[in-house]
Each structure stands twice: as C-alpha cells, then as structure tokens.
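Participant: Just dropping this structure here.
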Amino acid sequence: MKVLDLRCAQGHGFEGWFASGDAFELQLAAGLVECPICGERDVIKLLAAPRLNLSGAQEPRASQQVAATPDAGVPDAAHWMRAIREVMARTEDVGERFADEARKMHYGEAEERGIRGRATRAQAEALVEEGIDVMPLPVPDALKETLQ
C-alpha cells in the first residue's frame with residue numbers, strides 16, 4: 001500500500017492511498033483521483049521522504065526537528081470535511097427546489113428549517129435581492145454519497 005501526499009491545482013493538500021505507484025498513475029490518467037475538498041481533478045504527487053523504521057533508531061534531537069505550519073487562511077482539510085458532513089447531517093436536501101423552498105420559508109408559507117440544494121447563479125442572486133440569505137457550499141461528489 002502506498003500513501004501519497006497529493007495537492008490539487010487549488011492548493012489543497014491531502015493523502016491518497018493506492019495499491020502501488022503505477023495504480024496511482026493509472027487512476028490519475030483515468031480522471032479518478034480528485035481533491036476531497038473541492039473536487040478538482042488536476043492533482044499532483046508531492047515529493048515525500050521515505051520513512052525507515054530501523055531498530056535502534058533514535059528520535060531526532062530538538063535542534064533537528066522542523067515544524068510545518070499550514071498556509072495562512074487555508075482551513076485544515078480534515079476540519080473542513082467534518083464541517084461539511086455536519087452541515088449535511090443537519091440540513092434537508094431539497095435539490096432543485098432550493099429557491100422555492102427558501103422563498104416559502106422566508107414568506108412564512110413553510111416551516112423554517114435548515115435546507116440545502118441546488119440553485120443557479122440567477123436564482124441565488126434573486127433570493128439575495130429579496131432579502132433571503134443564501135450561501136454557496138461546494139460539496140465534493142465523494143461526500144454526497146454514503147462512505148463505506
């Protein structure tokens with residue numbers, strides 16, 4: 001099993017697990033590798049140092065340790081995915097009826113509740129003009145399905 005450090009064209013870093021380096025290359029060429037954050041399929045493999053577990057090996061001294069900090073303003077992928085899953089668990093998917101359902105709630109014709117769905121840019125702009133708050137939430141396809 002190969003665990004590779006990957007990065008999409010949008011700068012999101014993530015891990016991918018593959019049977020081999022060749023399996024990664026085949027899946028990448030077939031368009032099967034995508035960023036779990038934004039769904040981008042333009043993905044590169046980052047350089048990684050091998051980890052050797054040698055008996056008697058010592059931990060690096062404090063002077064040898066280097067700490068990496070995440071890019072400023074870029075949320076940690078694991079936190080972002082947990083937040084998206086939480087939103088999905090606490091909202092009702094109304095699909096293409098999103099604009100209609102948002103209006104019904106706004107005008108008191110339906111019970112207020114958390115909803116999510118799909119709206120065109122024009123529909124979203126019309127909702128905002130009516131004073132209805134909406135927020136785009138790009139959800140990668142991998143999170144829309146039941147995880148096994």
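We did not get these values from a lab; they are worked out from the coordinates using the rules stated. This structure is a prediction, so every number in the text was calculated from the model and none was measured. Note that each Cβ is placed from the backbone with ideal geometry, even for glycine, and that neighbours are counted across all protein chains shown.
Participant: Quick one: which of 90-98, 131-139 comes out on top by average Cβ neighbours within 10 Å, and what's the full order, highest first?
Facilitator: Ranking the peptides 90-98, 131-139 by packing returns 90-98, 131-139.
Participant: Rounded to two decimals, what is Rg over Rh for segment 77-144 when you use alpha-carbon atoms and the Kirkwood radius? If you can, show how the numbers build up before the last one.
Facilitator: Details: Rg = 12.7 Å, Rh = 12.8 Å.
Ratio of gyration radius to Kirkwood radius for segment 77-144: 0.99.
Participant: Still on this model: Normalised radius of gyration for segment 2-46, please: alpha carbon Rg relative to 2.2 N^0.38 Å, two decimal places. Can you show the working numbers first?
Facilitator: Details: Rg = 9.4 Å, N = 45, 2.2 N^0.38 = 9.3 Å.
That ratio works out to 1.01.
Participant: Calculate the spin-label point distance for GLU92 paired with LYS2, positioning each point 7 Å from the Cα along the beta-carbon direction, and give it in nanometres.
Facilitator: If labels sit at LYS2 and GLU92, their model points lie 4.7 nm apart.
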